[in-house]
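To keep things clear, I will list the structure first and then write my remarks on it.
The values are calculated or read from the model by the stated rules, or taken from the named source; none is laboratory data. These numbers were taken from a predicted model, which means no experiment stands behind them. Glycine also receives a Cβ, built like all others from the backbone with ideal geometry; neighbour counts cover every protein chain displayed. Note: accessible area is taken over every heavy atom of the protein model, side chains too, but ligands, DNA and RNA are not part of it. Shrake-Rupley method; radii C 1.70, N 1.55, O 1.52, S 1.80 Å.
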Amino acid sequence: MNTFLAVIIIFGALVFIHEWGHLIFAKRAGILCREFAIGFGPKIFSFTRNETVYTIRLLPLGGFVRMAGEDPETVQIKPGYEIGLIFNGENRVQKLIINNKSKHPDCKIIQIEKIDLEHDLTVSGYVDEDEFVTYEIDDKAVYVYDQIATQIAPYDRQFASKSVGKRALAIVAGPMMNFVLAVFAFMAYAMLAGMPVDEPQVGGLTDDGPALAAGLEEGDEIIAIDGQTFDSWEEMTMYIMDRPHEEMTVEYERDGETSTVDLTADAREGPEDEEEGVIGVYAPTEHSITGSILFGFTQTYETTVLIFEALGMLITGQFSLDALAGPVGIYNYTGEVVAMGVLILLQWAGILSVNLGIINMLPLPALDGGRLMFIGLEAVRGKPIDPQKEGMVHFLGFALLMLLMIAVTWNDINKFFL
C-alpha cells in the first residue's frame, strides 16, 4: 500500500507539473485550452474553471492539455442544419443549440445557410421560412450538443494562429517544468538531510559499526589514522576502504582534547566484487539554504548528464532493451526506495522528473520533442506542414511508442516473476 500511494503521489506530481507548464504558457499565448487531464480513458472527476475543463481519468498513464485547433471540432455545423440561437444583452449569439432544442423554448430557430465560427463569427440563414437574417456570434459563445456546452474557438484562439515562438514555448514548457520540479526535489532533500561536508569528521554512526564499539561519537574530528593525516572526508574514506579486516589506530579530537582508539574495519562487497573496509560512520553534514539551492541545480545537472550518457549507450548498443524499465519496473524500484525512507524517495522523485523531461524532449513523433521538430521545420520552410500529414506521423509514432511500452513492460514482468 505504501508503494502504491508513493507511485500515485510521485507520478501524479510529475504529470501535473508537466501538463501545468503546457497549460500556463498556452494560456499566456492566448490559446483556448479546452481540457487539462491527468490520466487517459473515462473521466472519474471533472470541473470547469476559466474556459478549461479539469479532469482526472481512469488510466494513470500520463496526461494532456487539449488546445483548440489541434484536433477537429467534435461537432460540425453545416448548411441545411436547423439549430437554435440564444442571444446575450448585445444581441450577439451566445449559445448555439445543436439538438434537443425543445429543452430551450426561448431559443430562436434558424435554418443554416452559412456559418463561420473561426473568422467572421457570423451565422446566416432563414427564420420563419422566408426571412433571411445574419447574426454576429460572440467570441466566447458556446454550442450545446446533448446538453453539453463547448466554447467555440475563433482562429485567433487556436494553437496554429500563434507565432512559432509562442507555440514552441507552450510545448517546451512541459519538459522544462519537470526540470524545475527536480531542482526543488533535490533542494528539499538537501534541506532535510543536510549538505555533505568534505571534512575528516564523524557525522554520525551506524548502530553496530566498529567506530561505535570503539567509543567514537558524532562530531569527533579525525586527526590521523595510523599516523596519516587527511584533508578531506574522501581521502579518509579511501584510506579505510583499502583496509578491510585491518586494525587501525585512530587519533581524534573531542571538546579540545586529543585521544586515540584502536579498531578493526569491517568488510563489505565493493562495486567490482572486491572487499572494502568500513567502520560505520557517516559523512558530516551542514544545513545551508544557499548550499541546498546550489545542490538542487548541480544534482539536476549531474542527473541530466547521466541520463544522456545512458541514452547514448543505448543507441550505440552498449545497453540492450532489457536494461530499460517500464511502468512495472519503476513501480518495483519505487517500492524499494519507499523502504529506504522519505529522503531517498525525494531523490528518486527528482531523478524520475529529470528522466520524464528528457524523454519528452527527444525528437520522436507523438512526444513534445517531435512537435517541436515540426515547429522548427515550419520556421525553416516559412510555412506549416500539412496538419493531416503531421497528424499521421504523430499517430504512427504513438503506435510505435505503445509497442515499445508493451515490450518493456513484458520484460519487467519476466524479471519480476522469473
The chain - Rg over Rh from alpha carbon coordinates, Kirkwood radius: 1.16
In nm, the gap between the two label points placed 7 Å beyond Cα toward Cβ at Glu286 and Tyr155 is 6.3
Two-site FRET efficiency, Glu136 against Ile44, from Cβ-Cβ distance with R₀ of 30 Å, rounded to 0.05: 0.15
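Taking Rh as the Kirkwood radius computed over C-alpha pairs, what is the Stokes-Einstein D of segment 185-285 at 20 °C in a medium of viscosity 1.002 mPa s, expressed in µm² per second? Walk me through the numbers on the way to the answer.
On the way: Rh = 14.1 Å.
In µm²/s, the coefficient rounds to 152.
Calculate for the chain the 222 nm mean residue ellipticity that helices alone would give, adding -39,500 (n - 2.57) per DSSP H run of length 4 or more and normalising by residue count, nearest 500 deg cm²/dmol.
Values: 9 runs with 177 residues, N = 418.
Only helices count here, giving -14500 deg cm²/dmol.
Using a probe radius of 1.4 Å on heavy atoms only, what accessible surface per residue do you get for segment 160-244? Whole Å² is fine.
Details: 3960 Å² over 85 residues.
Here the residues of segment 160-244 average 47 Å² of exposed surface.
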Ranked by GNM mean-square fluctuation in the chain (Cα springs under 10 Å), the top entry among Pro200, Pro365, Pro175 is Pro200
Starting from the amide H of Thr52, placed 1.01 Å from N in the peptide plane, find each other amide H under 5 Å away whose residue is 5 or more places distant or on another chain. none
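In nm, what is the difference between 0.36 nm times the number of residues separating Phe398 and Glu257 and their Cα-Cα distance? Don't skip to the end; give the middle numbers.
On the way: separation 141, 0.36 × 141 = 50.76 nm, distance 6.78 nm.
Here the answer is 44.0 nm.
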As I understand it, the dipole of the chain uses +1 on the Cβ of Lys and Arg and -1 on the Cβ of Asp and Glu, about the Cα centre. Which of Ser46, Ile8, Gly341 lies farthest toward its positive end? Ser46
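Quick one: ranking Met340, Met176 by accessible area, 1.4 Å probe, largest first, what do you get?
Output order, biggest surface exposure first: Met340, Met176.
Enumerate by residue number the GluC sites (Glu not before Pro) in segment 250-300 meeting two conditions: DSSP loop (anything except H, G, I, E, B), and at most 13 other Cβ atoms within 10 Å of the site's Cβ.
Numbers: sites: Glu251, Glu253, Glu257, Glu269, Glu272, Glu274, Glu275, Glu276, Glu286; in loops: Glu272, Glu274.
Here the GluC sites (Glu not before Pro) that fit, given the DSSP loop and packing criteria, are Glu272, Glu274.
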Spread of Cα-to-Cα distances over 10 Å intervals beginning at zero, given as percent, for segment 133-231: 11, 18, 16, 13, 11, 8, 11, 9, 3, 1, 0
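Using only alpha-carbon positions, what ratio does the radius of gyration of segment 3-134 give when scaled by 2.2 N^0.38 Å?
Here the answer is 1.40, to two decimals.
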Tally of Lys pairs whose C-alpha atoms are under 24 Å apart, taken over the chain, 8 or more apart or cross-chain: 27
What distance in nm lies between label points placed 7 Å from Cα along the C-beta direction at Thr298 and Thr249? 3.6
So which GluC sites (Glu not before Pro) in segment 61-144 pass both tests, a DSSP loop state and at most 10 other Cβ atoms within 10 Å of the Cβ? Glu90, Glu129
Give me the percent of the accessible area of segment 106-261 that comes from carbon and sulfur atoms, probe 1.4 Å, all protein chains in place. 47
For segment 1-153, the per residue accessible area (1.4 Å probe, Å²) is 57
Using the Cα gyration tensor of segment 335-409, with a ≥ b ≥ c the square roots of its eigenvalues, what is the shape: rounded (a/c below 1.5), prolate (a/b larger than b/c) or oblate (neither)? oblate
